[in-house]
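Derivation of every value follows stated rules applied to the coordinates shown; laboratory data play no part. Note that the structure is predicted; figures quoted are calculated from it, not measured. FYI the Cβ positions are ideal-geometry reconstructions off the backbone, even for glycines, and counts take in every protein chain you see.
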Amino acid sequence: MSLVNVTGLTVEFGSLRAVDGLSFRLEQGAALALVGESGSGKSTVASALLGLHRGTGARVGGSIEVAGVDVQEAPDEALRRLRGGKAAMVFQDPLSSLDPYYAIGDQIAEVYRVHTRVSRRAARARAVEVLDRVGIPDALRRSRSRPHEFSGGMRQRALIAMALACEPDLLIADEPTTALDVTVQAQILDLLHTLRQETGMGLLLVTHDVGVAAESVDEVLVMRHGRAVEHGPVAAVLGSPSQPYTRDLLGAVPRVDAPRAAAQVREEPPEVVLEARGLRREFGRGKRAFTAVDDVSLTIHRGETLGVVGESGSGKTTLGRMLVGLLEPTAGQVRYDGHARVGVRPAVQMVFQDPVSSLNPRRSVGESVADPLRARGESDEGRIRERVRELLERVGLEAAHYDRYPHEFSGGQRQRVGIARALAADPRVIVCDEPVSALDVTTQAQVVALLGELQRELGLALVFVAHDLAVVRQVSDRVAVMRRGRIVEEGPADEVYDNPRDPYTRQLLAAVPALDPRIAAQRRSARRELATL
Amino acid sequence: MSAPGASGARQFWRRLRTQRAALVAAVVVALLVLVALAAPLLTAIEGQDPTTYHPSLVDSARGGVPIGSFGGVSAEHWLGVEPQTGRDLFARLVYGARVSLGVALAATVVQVVIGVVVGVAAALGNQWVDQLLSRITDVIVAMPLMIMSLALLAIVPSSFPRPVLVALVIGLIAWGNIAKIVRAQTLTLKELDYVSAARLSGWGSWRVARRELLPGIAAPVITYAALLVPTNITVEAALSFLGVGVKPPTPSWGQMLTAADVWYQAAPQYLLLPAGALFVTVLALTVLGDGVRTALDPRAASRLRVGTGRKREAKA
Amino acid sequence: MSGFGGFALRRLVGAVVTLFAISVIVYVVFYVTPGNVAQITCGPRCSPAQVQQVAEQLHLGDPLYVRYWHFLEGLVAGQDYSTGTSVQHCSAPCLGLSYQSDQQVTELILAKLPVSLSLVFGSMVLWLILGVGTGVLSAWRRGRLTERLLTGITLAGVATPVFVIGLVLMIVVCGQLQLLPFPQYVDFTDDPEQWAWNLLLPWLSLALIEAAAFARLTRAAMLETLAEDHIRTFRAYGVGERSVIGRHALRGAFAPVIALNANNFGSAVGGAVLTETLFGLPGIGQELVHAVNVVDLPVVVGMVLVIGFFVVVANVVADVLYAVADRRVVLA
């Protein structure tokens, strides 16, 4: 008997059909990944397996069988026994997925007691046991902590511990590492791998990241618009995809091991446009003071791209904001064109991370793009409109989009508007702060390509701040690696990526998921070695 | 998802229109405002005014009980007359609506103006300005409105026009919460990328504040103001009930209730009319306020009730 | 819990500063009124000689800050007052002397305080139980008839001024139905049973209005919590609805309820003034209204300060409780 057997599954929310006739099976102990971009319906499938749509107004059709339970027909009581008992779910955001008011050990014990008739004390002991199992140090003491006292990675471990508590046959992991840094992601994926080997439970992994899937599963099901595009063993689907969509998807995924396609060869001595000298920035005062950026010096040349890569909390965003003048440094200076500079100036622009908050929802996108023109003193409405239309077309939008509002655009389109607004100031440098991290891979590739084109055409200098090592390699001439406010390594991109000198850089690179399952296995053992160093 | 092309205001109306209770409340409020505005006209039609004594209509032998059934209801006096004085109840009621609504609205305007100015200044000013204004706001919030206004109203000479005074006192004491909300919202907005982008465009900080920040704080301010109006009506009525708010001969609903418990058997409408008027007005305004809140921000609807800056974001 | 003591201490210091600021504001506002302060303070029946004496005792010839300093001194160390023939010692905390009633303000307040405390705290127990209970019931029966009924009732409660519901209760219960006699305050130490019976209607009047606000808040906070991700987690692990509501959703409403109780304490005190006046309870509220009507300045200032003191203390208690309920506050 299969662990999971789904036939002709459809899920409809009102008139929207999120899942459309999906069928798949998962054998005992096997691992399957549902891979797709946002809106593909993959998370909906995960919820449907536990019957979480019951009573929510969503219409679920087809048949779902999980661990011998007919999810569609089972009475509420049987469904409750299935949830957590035989099939347990790990959610994406570990902070919001735990009750902020109770100790983590108590929350695991509560779940355990739903499924087993044991005393409070025994349940609490079980909680400590599973916390220890997922690698939480000093589990007994830490089990009394509340979720906000844990780091992101520890919280995800705690959620996995909760899932393990009742020894389920199936683990459903919905984007379990999306909110985590790449090194922590690697640890969590390794943990899942080890647990699967030890317990023999089946795994259904939902992810947008092809690399994460390659690291973790035997089989892949690629989804799009609620349907299965391609389904097969992970090596076959990722190695030689048969469907055009899968090929496009894989083609768009940036590779950390591939050199930059169009590396520029420069002849003349490069001209320095922006320079950071001994930049330092502190936040808070007294005991709570901490240094976000510490003694950072950088030079940015005309027409080149400098990649700044680091994990969360490395200070890369603070550095970016100081470079454009939105934040004043505590010490050190930013020099533009050889002169020290205070405050913002139009020649140094920024493209922001969040396509939702970077445009004023109450103003038309044309007005937002026109801002730099008007601020410069241009008052001829005709000329302003003309220039804005030109810019919108240049970034791949339509001139007629002038009067539309931000909510009418997709994330990728909004990011294009943001680029057009930066261009309107006729900048020489654009600092891009995580410009593509909120976008799907195919959109990501398009925006990255657009930035490259504009750079060549206009001779712009780009500072590309990102956490994604592969994207940074794809766009950068030179790369700076940041950790805890300092630059640990800086150099030409290929050199840093192929021959990293700093141990932290090596650790980062080893943590990046590989698309090839065999390489992934090699990396895993390499990580173990690095960890034992 | 919102419909394409819908601007903020249009979206607001569309969302408000889908709430039946809020619509009914809006109609009631509109009627009340109309009655208040048309008070002289309405009393002219009745042929009465709110201040003339009619000693002939009350039975002085029985302590001033209105003569006639139902407290002296007649063609001349639609809702009867006041015990003891014989003043026309209908006239006092509609003129009372003027006082209630007028005082409450004026007080709200004062609260909103002070609150917005202080809140925005605290959020945009430097650390010292913020510290100072926030401490002042804390003190203001800690002052019990009823007690302070009760005491303040006692010392101002009675030559000062009373309704204006009541509105001013309420407005000057109870702006703390709105300042806190505005400060919190402005601080949130200030960190948004589009505000940074506007600064990068080269605009000065005044222009950025006006174009990018102020529209963003409008929604919470309107929402909170809509809930302040009914509160202010209640406070004015309470002060007048205690005899320190609006004083005779100016009519006010709260003041009419002062002596009502003595007369409830002889002239029940003397109690029921102002009590009912207060109830209906406050209820309609509250329902309308809820509707406005839901229409402006369906998600934050439940959050704003306690939006006094106490709820802090969890920091990991 | 290491940061907890520091947090509580900061709140306490903040409260002292706030109290100080309130006392300055109140003192300045009331003793810098237009007109002859000594005449107003002494009352309309005072002779010019008496007015002169009052002026001296209030140090009216001195600059404002000196006068305020004398006031503070009296508060901390006590003060002597001569009333023409005899000398009265007003021991600390001395809030001054009512020249109109020839009584010390502190004594006056202490005599009236038990009534007001009985009213406010008894009522608070009622409104918390009624309000939170109704809120939980509404969230539990959400989308059903019960919730709609409760929503309607609480809305009516929010819209009714306290003196209106008090009037109606008094007329119906004491007047028409004659279930209870018209309330007359009996001291707790004299007869606890009579104390409770006589306070029942005042308690109810004040509590019903406040409870409505709490019911609305509790319901809203619980519904908001129910929409959060962690509730989904527990549902996905087979935790039943009873536990989801009673354990997780209710816990989310704790902190907001505490915050509202502090926030509304000031308005509840205002409501208590109305209730005392309405039912003729001899508390500080009734005394304040009387003092305001005869413009007895020392009494008004003293009362406002004492009430302000209670409101500020209630706020500190709420802040600390809030931090206990939601530890994240301490870290922020």
Every residue in the stretch A:164-175 that is within 23 Å of the chain's Cα centre (by Cα) and within 11 Å of chain C (Cβ to nearest Cβ), please. A:Ile172, A:Asp174
Condition check: among the aliphatic types (A, V, I, L, M) and either in a helix (DSSP H, G or I) or without any contact (Cβ under 8 Å) to a residue 12 or more places away in the chain (or both). Does A:Ala521 satisfy that? yes
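Residue-wise test of (1) without any contact (Cβ under 8 Å) to a residue 12 or more places away in the chain; (2) closer than 25 Å to A:Leu508 by Cβ; (3) not in a helix (DSSP H, G or I).
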| residue | (1), (2), (3) |
| --- | --- |
| A:Thr194 | yes, yes, no |
| A:Leu205 | no, yes, yes |
| A:Asp248 | no, no, no |
| A:Val256 | no, yes, yes |
| A:Ser297 | no, yes, yes |
Residues in the stretch B:200-213: is at least one touching a residue at least 40 places away in the same chain (Cβ under 8 Å), under 23 Å from B:Val109 (Cβ atoms) and either crowded, with 19+ Cβ neighbours inside 10 Å or within 14 Å of chain A (Cβ to nearest Cβ) (or both)? yes
Taking the stretch B:186-199, which residues are free of Cβ contacts under 8 Å to residues at least 40 places away in the same chain and either away from chain A (no Cβ under 14 Å) or hydroxyl-bearing (Ser, Thr, Tyr) (or both)? B:Thr188, B:Tyr194, B:Ser196
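Listed here are the residues, each with its yes/no results for (1) in a helix (DSSP H, G or I); (2) more than 14 Å from chain B (Cβ to nearest Cβ); (3) closer than 23 Å to B:Leu152 by Cα; (4) of a type outside the set (Ser, Thr, Tyr).
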{"position": "C:Arg11", "(1), (2), (3), (4)": "yes, no, no, yes"}
{"position": "C:Ala21", "(1), (2), (3), (4)": "yes, no, yes, yes"}
{"position": "C:Tyr27", "(1), (2), (3), (4)": "yes, no, yes, no"}
{"position": "C:Val54", "(1), (2), (3), (4)": "yes, yes, yes, yes"}
{"position": "C:His59", "(1), (2), (3), (4)": "no, yes, yes, yes"}
{"position": "C:Leu72", "(1), (2), (3), (4)": "yes, yes, yes, yes"}
Conditions: (1) farther than 14 Å from A:Gln107 by Cα; (2) touching a helix residue (DSSP H, G or I) at 6+ places or on another chain (Cβ under 6 Å). C:Val239 meets all but one. Number of the miss? (1)
If you take the residues of the stretch A:325-376 that are buried (at least 20 other Cβ atoms within 10 Å of the Cβ) and β-branched (Val, Ile, Thr), which of them is farthest from the other protein chains (Cβ to nearest Cβ)? A:Val334
Of the residues in the stretch B:52-72, those that are in contact (Cβ under 8 Å) with a residue 24 or more places away in the chain, surrounded by 12 or more Cβ atoms within 10 Å (Cβ to Cβ) and either in contact with a strand residue (DSSP E or B) (Cβ under 9 Å, 6 or more places away or on another chain) or more than 18 Å from B:Ser252 (Cα to Cα) (or both) number 9
For A:Ala48: the one exception among (1) of a type in the set (Gly, Ala, Ser); (2) assigned to a strand (DSSP E or B); (3) within 14 Å of chain C (Cβ to nearest Cβ): (2)
Residue list for the stretch B:241-258, restricted to those being more than 11 Å from chain C (Cβ to nearest Cβ) and among the aliphatic types (A, V, I, L, M): B:Val246, B:Met256
Being within 18 Å of C:Asp102 (Cα to Cα) and assigned to a helix (DSSP H, G or I) is the filter here, so list the residues in the stretch C:290-332 that pass it. C:His290, C:Ala291, C:Val292, C:Asn293, C:Leu297, C:Pro298, C:Val299, C:Val300, C:Val301, C:Gly302, C:Met303
With within 28 Å of B:Asp290 (Cβ to Cβ) and out of contact with any Asp or Glu (no Cβ under 8 Å at 6 or more places or on another chain) as the only criterion, which of C:Leu150, C:Leu113 stands out? C:Leu150
Could you identify the single residue in C:Arg247, C:Arg242, C:Arg232 that is under 35 Å from the mean Cα position of the chain (by Cα), more than 11 Å from chain B (Cβ to nearest Cβ), surrounded by fewer than 24 Cβ atoms within 10 Å (Cβ to Cβ) and among the basic types (Lys, Arg)? C:Arg247
Residue check, C:Pro256 against (1) more than 9 Å from chain B (Cβ to nearest Cβ); (2) in contact with a helix residue (DSSP H, G or I) (Cβ under 7 Å, 6 or more places away or on another chain), all met but one. Which one? (1)
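This table checks each residue for (1) more than 9 Å from every other protein chain (Cβ to nearest Cβ); (2) farther than 30 Å from A:Leu131 by Cα; (3) assigned to a strand (DSSP E or B); (4) of a type in the set (Lys, Arg).
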{"site": "A:Arg17", "(1), (2), (3), (4)": "yes, yes, yes, yes"}
{"site": "A:Gly21", "(1), (2), (3), (4)": "yes, yes, yes, no"}
{"site": "A:Gly29", "(1), (2), (3), (4)": "yes, no, no, no"}
{"site": "A:Ser38", "(1), (2), (3), (4)": "yes, yes, no, no"}
{"site": "A:His53", "(1), (2), (3), (4)": "yes, no, no, no"}
{"site": "A:Ser63", "(1), (2), (3), (4)": "yes, yes, yes, no"}
{"site": "A:Ala78", "(1), (2), (3), (4)": "yes, no, no, no"}
All positions within the stretch C:210-266 that are among the acidic types (Asp, Glu) and in contact (Cβ under 8 Å) with a residue 60 or more places away in the chain: C:Glu210
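When residues of the stretch C:169-191 are filtered for being over 23 Å from the mean Cα position of the chain (by Cα) and part of a helix (DSSP H, G or I), how many remain?
The qualifying residues number 6.
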For a quick check of your reading: which helices (runs of 4 or more DSSP H) sit entirely within the stretch A:364-463 and have at least 2 residues that are touching a residue at least 60 places away in the same chain (Cβ under 8 Å)? A:411-424, A:441-458
